[in-house]
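The values are calculated or read from the model by the stated rules, or taken from the named source; none is laboratory data. This is a predicted model, so every value here is computed, not measured. Cβ sites come from the backbone with ideal geometry, for glycine too, and all protein chains shown count toward neighbours.
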Amino acid sequence: MAWEWRLIQNECTGCGICADVCPHEAISMPREAAYPEPGPSFCIGCMACVKQCPFDAIEVKQLTALPAE
């Protein structure tokens, strides 16, 4: 199964904590960015970003699998 993280932009302050705690680099926070961006790796659903975000600005959900052909 695949996972994805989603930013709740009106709650995010751009602090970058989510990017700092993501153990798989699924979230990055470039210096010039106002908000976190997708990183070089895929989200694995560990929820580290959700647990550490003091503003509840990250959601992580499991994507449904595509039907086999």
Filter result for R6 (within 9 Å of the chain's Cα centre (by Cα) and exposed (fewer than 12 other Cβ atoms within 10 Å of the Cβ)): yes
Number of the exception - Q62 against (1) touching a residue at least 24 places away in the same chain (Cβ under 8 Å); (2) surrounded by 13 or more Cβ atoms within 10 Å (Cβ to Cβ); (3) of a type in the set (S, T, N, Q): (2)
Count of residues meeting criterion [touching a Leu at 6+ places or on another chain (Cβ under 7 Å), under 9 Å from W5 (Cβ atoms) and either loosely packed, with under 14 Cβ neighbours inside 10 Å or not aliphatic (A, V, I, L, M) (or both)] in the stretch 27-59: 1
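Residues that are among the aliphatic types (A, V, I, L, M), at pLDDT below 95 and on the phi < 0 side of the Ramachandran plot: does the stretch 8-28 have at least one?
The initial filter retains those residues of the stretch 8-28 that are among the aliphatic types (A, V, I, L, M), namely 8, 17, 19, 21, 26-27.
Applying the additional criterion that residues be at pLDDT below 95 yields none.
Checking the stretch 8-28: not a single residue is among the aliphatic types (A, V, I, L, M), at pLDDT below 95 and on the phi < 0 side of the Ramachandran plot.
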Qualifying residues in the stretch 9-26 (those that are within 14 Å of K51 (Cα to Cα) and among the β-branched types (V, I, T)) - the one surrounded by the fewest Cβ atoms within 10 Å (Cβ to Cβ): V21
